[in-house]
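The values are calculated or read from the model by the stated rules, or taken from the named source; none is laboratory data. Remember, predicted model here, so these are calculated numbers, not experimental data. We place every Cβ from the backbone using ideal geometry, glycine too, and count neighbours over all the protein chains shown. The protein model used for the area step is the full one, side chains on, heavy atoms only, and it has no ligands, DNA or RNA in it. Shrake-Rupley method; radii C 1.70, N 1.55, O 1.52, S 1.80 Å.
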Amino acid sequence: MTSTATTNTQTLEEIQDFKGKYPKQLWYLFLSEMWERFSFYGMRGMLTIFMVDKAQLAMNDHDANLQYGATQAFVYTLAFVGGLFADKILGFRKSIFWGGFLMILGSFILAIAPKEMFYIGISFTIVGTGFFKPNISTMVGSLYSKDDHRRDAGFGLFYSGINIGALLGGAICVWLGKHYSWNAAFSCAGIVMTISLLVFIFTKKTLGPIGLSPLAGKFPASKIRMYDIMVYAGSLLIIPLILKLVSVSQYTDLFMYIVGPLTLIYIFYEAMKYNKVEKQKLLAAMVFIIFSIFFWAFFEQAGGSLNLFAEHNLNDKVAGMTIDPNVINNSSNSLFVILFSPLVGLLWLWMSKRKLEPNTVVKFGLGFLFLGLAFYVFYYTRFFADKNGITSLNVFTLAYLVITIGELCLSPIGLSIMTKLSPKPMHGVMMGMWFLASAYGQYAAGLLGADMSSSNPNASLSDKLIAYTDGYQHLAIYAAILGVVLIVLSPLIRKLMHEVH
């Protein structure tokens, strides 16, 4: 690892005193994250399709949804742990390097023997993503001073830009797996993750002191190295445990019932160190976190039930073109983010100049209302089905446009608001907490998807259509209710946030 002396080419103040709209370091972090998102969303898009493939794991829809939820839940749970270790021991840079290395290893294990070594490869990628995922977002926040109004624009660009990777990964890896070979699809994920890590290694010198070990200067180098080795060794030793937990859904249930309460106890313990205003801000952050669990439980049907719905019940015609419906399912959201994120940003600016811009809490509420509308459109696909249970890919794609507008109201704000509402020593932990909320959302997504799917391997396509669209109708109603509740509570939550907007 690089020493402190050789990396401090710029002070933190010099980095934060950048001219123009974006710091140059944001582009480097964006490139690294873009390729990591290619790998991550490529893997995410392949999971359920690979599991139900009769030549691979041959699971039924019910079990594949549960397995998907468990796998994704552990990815985001380990993101909390990765944020914690980065905050306390490794620093963000070493965490990103180690996480990227494990993700590459997991991808190539899957590429060699996807069926035989599925759970082993997935376990490596879960632990690796846990170290990589929360820490690069936190480093983006460090590029800005506390009161820099350009912070939201930076997170917006970062969030919009990395969707290029998600778009490419969701399309290319899924297509390779379904139409060429699963070995090639998993190899592709490993190759692009290698590119991501190389970009980070060759540009980290521009980051000055950002992301260095929090122990630097407090302990001798030999002791810091010992702590680092202990974290690396511990993360390898935990892989067999992750393997067991992720391959048996009952163990996943037990784990999720335990880790949430323990994490809340830890957050409350940390909060006791701060004054009344900081405690209230942390409470506001927890409100956002709790509501985000529900948002992701619905939104993340994308990789589970919606992926299987696309596999079974959609035709392959959209806007006059012939396209694999799973490619649409796994890439249209990212495409719409790229296209509409700048427009939504301009809309907020236009409204702000006229003092009409909704506050952060109301934007969250609007995110839920659009989410509810999107699931109503998913439900409405049943009215376009033929007698065989095959329905319109055009209507399905329209639902993704609506769901993307909801996501753009919520997700970029979420990443930024965690760093705004939490004291600096808790930035990594609270970013990890945001991802832990996503873990519970993913876990719930698997349960919801399993509940609306059939475990009967002989269920007709028409039966599957009715079962899934019934479920989407229920999700539409719940999302709309949550959106209204948030908007009604917005004045109270805004008071807890104090000067944070």
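Could you point to the residue in Thr322, Phe291, Ile239 farthest towards the positive end of the stretch 237-349's charge dipole, with +1 and -1 charges on the Cβ of Lys/Arg and Asp/Glu respectively?
So the residue we want is Phe291.
Keeping all protein chains in place and using 1.4 angstrom, which order do Leu486, Leu398 fall into by accessible surface area, from largest down?
Leu398, Leu486
Take Ile477, Ile122 and sort them by solvent-accessible surface of the protein heavy atoms, 1.4 Å probe, largest at the top. Provide the component values of the computation, followed by the final result.
Numbers: Ile477 90, Ile122 5 Å².
Order by accessible area, largest first: Ile477, Ile122.
Keeping the other protein chains in place, figure out the carbon and sulfur percent of the accessible area of the stretch 67-113, with a 1.4 Å probe.
85
Given a 1.4 Å probe, how much area per residue of the stretch 346-497 is accessible, in Å²?
Accessible surface, normalised per residue, equals 40 Å².
Search the structure for amide H atoms under 5 Å from the amide H of Lys317, placed 1.01 Å from N in the peptide plane, and list their residues when 5 or more places away or on another chain.
Ile323, Leu393
Give me the aspartates and glutamates in straight-line cross-link reach of Lys317: C-alpha distance below 19 Å, same-chain residues under 8 apart excluded.
In chain and number order, the partners are Asp386.
For Thr404, tell me the accessible area in Å² from a 1.4 Å probe, rounded to the nearest 10.
0
Using a simple charge model, +1 on the beta-carbon of Lys and Arg, -1 on the beta-carbon of Asp and Glu, nothing else, what dipole does the stretch 271-368 show about its Cα centre, in debye to the nearest 20?
Working: 9 positive and 6 negative charges, 176 e Å.
About 840 debye.
Give the Rg/Rh ratio for the stretch 363-414, taking Rg as the radius of gyration of the Cα atoms and Rh as the Kirkwood radius, to two decimals. Intermediate results must be reported in sequence, preceding the final value.
Working: Rg = 12.9 Å, Rh = 11.5 Å.
Rounded to two decimals, Rg/Rh equals 1.12.
What is the dipole size for the stretch 78-172, taken about its Cα centre, with +1 at each Lys and Arg Cβ and -1 at each Asp and Glu Cβ, in debye to the nearest 20?
For the stretch 78-172, the charge dipole is close to 120 debye.
If exposed means no more than 14 neighbouring beta carbons inside 10 Å and the site is in a DSSP loop, what's the longest run of the chain without any exposed trypsin sites (Lys or Arg not before Pro)?
388-501
Mind computing the radius of gyration and Dmax over the alpha-carbon atoms of the stretch 308-365? Å is fine for both.
Gyration radius and largest Cα-Cα distance of the stretch 308-365: 17.0, 48 Å.
With a 1.4 Å probe and every protein chain left in place, tell me how much accessible area Met272 has, in Å² to the nearest 10.
Roughly 120 Å² of Met272 is accessible to a 1.4 Å probe.
In percent, what relative contact order does the chain have, based on Cα pairs under 8 Å that are 6 or more apart in sequence? Walk me through the intermediate numbers first.
On the way: 826 pairs, mean separation 129.0, N = 501.
Computed value for the chain: 26 percent relative contact order.
Could you do me a favour and compute the accessible area per residue for the stretch 129-222, 1.4 Å probe, result in Å²?
Details: 3410 Å² over 94 residues.
Ligands and nucleic acids excluded, the figure is 36 Å² per residue.
Cut-off under 26 Å on the C-alpha distance; same-chain residues fewer than 8 positions from Lys223 excluded. Which lysines are left, in chain and number order?
Cα-Cα hits under 26 Å: Lys88, Lys94, Lys204, Lys205, Lys424.
With 17 Å as the cut-off, how large is the P(r) tail for the stretch 330-434, expressed as percent of Cα-Cα pairs?
When all Cα pairs of the stretch 330-434 are counted, 63 percent exceed 17 Å.
Heavy atoms only, probe 1.4 angstrom, no DNA, RNA or ligands counted: give me Val429, Val248 ranked by accessible area, highest first. Please report the intermediate quantities before stating the final value.
Working: Val429 5, Val248 40 Å².
Per-residue accessible area, sorted high to low, gives Val248, Val429.
Quick check: the distance between the Cα centres of the stretch 11-74 and the stretch 204-226, to the nearest angstrom?
27
Using only Cα atoms, what Kirkwood radius does the stretch 268-376 have, in angstroms? Please list the in-between numbers first.
Values: mean 1/r = 0.0580 Å⁻¹.
For the stretch 268-376, inverting the mean 1/r across all distinct Cα pairs yields 17.3 Å.
Please get the size of the charge dipole for the stretch 348-501, origin at its Cα centre, with Cβ charges of +1 on Lys and Arg and -1 on Asp and Glu, quoted in debye to the nearest 20.
Values: 11 positive and 7 negative charges, 134 e Å.
Roughly 640 debye, rounded to the nearest 20.
Which of Val192, Phe155, Ser213 sits closest to the plus end of the dipole of the chain, meaning its Cα is farthest towards the positive end, when Lys and Arg get +1 and Asp and Glu get -1 on the C-beta?
Value: Ser213.
Two decimals is fine: what's Rg over Rh for the stretch 136-286, C-alpha atoms, Kirkwood radius as Rh?
On the way: Rg = 20.6 Å, Rh = 20.3 Å.
That ratio equals 1.01.
Excluding same-chain residues fewer than 8 positions from Lys495, which aspartates and glutamates have a Cα within less than 17 Å of its Cα?
List returned: Glu278.
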